[in-house]
Amino acid sequence: MRKYEVIFIVRPDTTEEDVGKLVAQMEGVVAGAGGKVEKVERMGRRRLAYRVARQREGFYVLFLIEGGGDTIKELERRLKVTDSVIKFLTVRIDEELERAAKHKERRAKQQAKKQRPKPAAPPPPSQPPAAVEASEPRP
């Protein structure tokens, strides 16, 4: 199963209750298509970067979904025909999560190498070499 992030923007004139119904409906669509909603984050009302459908604000909702391509196709189809949704975006994130895990593992190995104790240096001689030569008898 692949992981996806789906973010959609709902019209600002939609009530909180209607947004809750829409979120529940979309969760049902995902479950009906064989997927699983791992996380739902209602990000609230925010200003848009540019006008979308003559709106300057929108209510943002983020879904973290685990499922196949058919699940996402059905969800996107439903988002397209829902009048209160003005924009949506779907991003596949499973490859990014794997890449992030590899980088994290590599950094942990590098930290382990840096923290290894260095071999102890041989202790310095008790007398300097010139003093040792002077104390030895010459033949």
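The values are calculated or read from the model by the stated rules, or taken from the named source; none is laboratory data. Owing to the predicted nature of the structure, the values given are computational and were not obtained by experimental measurement. Every residue, glycine as well, gets a Cβ built from its backbone with ideal geometry; the counts of neighbours run over all protein chains shown.
With the structure loaded, tell me whether Arg51 is in contact with an Asp or Glu (Cβ under 7 Å, 6 or more places away or on another chain), assigned to a strand (DSSP E or B) and either modelled with pLDDT of 95 or more or surrounded by fewer than 12 Cβ atoms within 10 Å (Cβ to Cβ) (or both) or whether it fails that test.
Numbers: in contact with an Asp or Glu (Cβ under 7 Å, 6 or more places away or on another chain): no; assigned to a strand (DSSP E or B): yes; either modelled with pLDDT of 95 or more or surrounded by fewer than 12 Cβ atoms within 10 Å (Cβ to Cβ) (or both): yes.
Considered against the rule, which asks whether it is in contact with an Asp or Glu (Cβ under 7 Å, 6 or more places away or on another chain), assigned to a strand (DSSP E or B) and either modelled with pLDDT of 95 or more or surrounded by fewer than 12 Cβ atoms within 10 Å (Cβ to Cβ) (or both), Arg51 comes out as no.
Check whether at least one residue in segment 49-63 is on the phi > 0 side of the Ramachandran plot, small (Gly, Ala, Ser) and in contact (Cβ under 8 Å) with a residue 40 or more places away in the chain, and report yes or no.
Pass one, segment 49-63, residues on the phi > 0 side of the Ramachandran plot: 53-54.
If we keep only those that are small (Gly, Ala, Ser) too, we end up with 53.
Cutting the leftovers down to in contact (Cβ under 8 Å) with a residue 40 or more places away in the chain gives us 53.
Yes, segment 49-63 contains at least one residue that is on the phi > 0 side of the Ramachandran plot, small (Gly, Ala, Ser) and in contact (Cβ under 8 Å) with a residue 40 or more places away in the chain.
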